[in-house]
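Everything below concerns the one structure shown next.
The values are calculated or read from the model by the stated rules, or taken from the named source; none is laboratory data. Owing to the predicted nature of the structure, the values given are computational and were not obtained by experimental measurement. Here Cβ is always computed from backbone atoms with ideal geometry, including for glycine, and neighbour counts include all displayed protein chains.
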């Protein structure tokens, strides 16, 4: 049994209509994913699968808090996540992608959403993530500023970021 079997959705077993799945994404989930961008968090994920005419519309919503490394002081900081995504899936002779359509093999019609959820979370992280003004580790910030070649005015502006 895989660590992510709880995230399997057997599409072939779903009747026409809307089906909802709910997941709690906590530190255990992030440890099992074993990726660098996010290692801790506490989020809820709702996945809605709409079955129509042999096609599957999969809607994702993830909300909660993750912890990432501050770009400035390297301490952990929390970020709020509230993200949505959509994937269209159909069954076919073999696994593949056709544009924005995911094709799952008819022999294995199971969609595992664990990695989809992780990618949605990671894509919601801003490029620059720093603590609010005054929130950085004071000791690390002092070392950083000690080695920066900026004017006093620029230093004040950076502290406001």
* To do: Please work out if residue 64 is part of a strand (DSSP E or B), within 26 Å of residue 137 (Cα to Cα) and either in contact (Cβ under 8 Å) with a residue 60 or more places away in the chain or more than 13 Å from the chain's Cα centre (by Cα) (or both).
  => no
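Residues are listed down the side, and each one gets a yes or a no for (1) surrounded by fewer than 14 Cβ atoms within 10 Å (Cβ to Cβ); (2) more than 26 Å from residue 130 (Cβ to Cβ):
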site	(1), (2)
14	no, yes
25	no, no
36	yes, no
43	no, no
52	yes, yes
58	no, yes
90	no, yes
* Asked: Before we move on, is residue 69 under 17 Å from the mean Cα position of the chain (by Cα), surrounded by 12 or more Cβ atoms within 10 Å (Cβ to Cβ) and within 30 Å of residue 137 (Cβ to Cβ)?
  -> yes
* Asked: Before we move on, is residue 106 surrounded by fewer than 16 Cβ atoms within 10 Å (Cβ to Cβ), farther than 29 Å from residue 139 by Cα and modelled with pLDDT under 95?
  -> yes
* **Residue check, residue 77 surrounded by fewer than 16 Cβ atoms within 10 Å (Cβ to Cβ), touching a residue at least 12 places away in the same chain (Cβ under 8 Å) and over 12 Å from the mean Cα position of the chain (by Cα)** => no
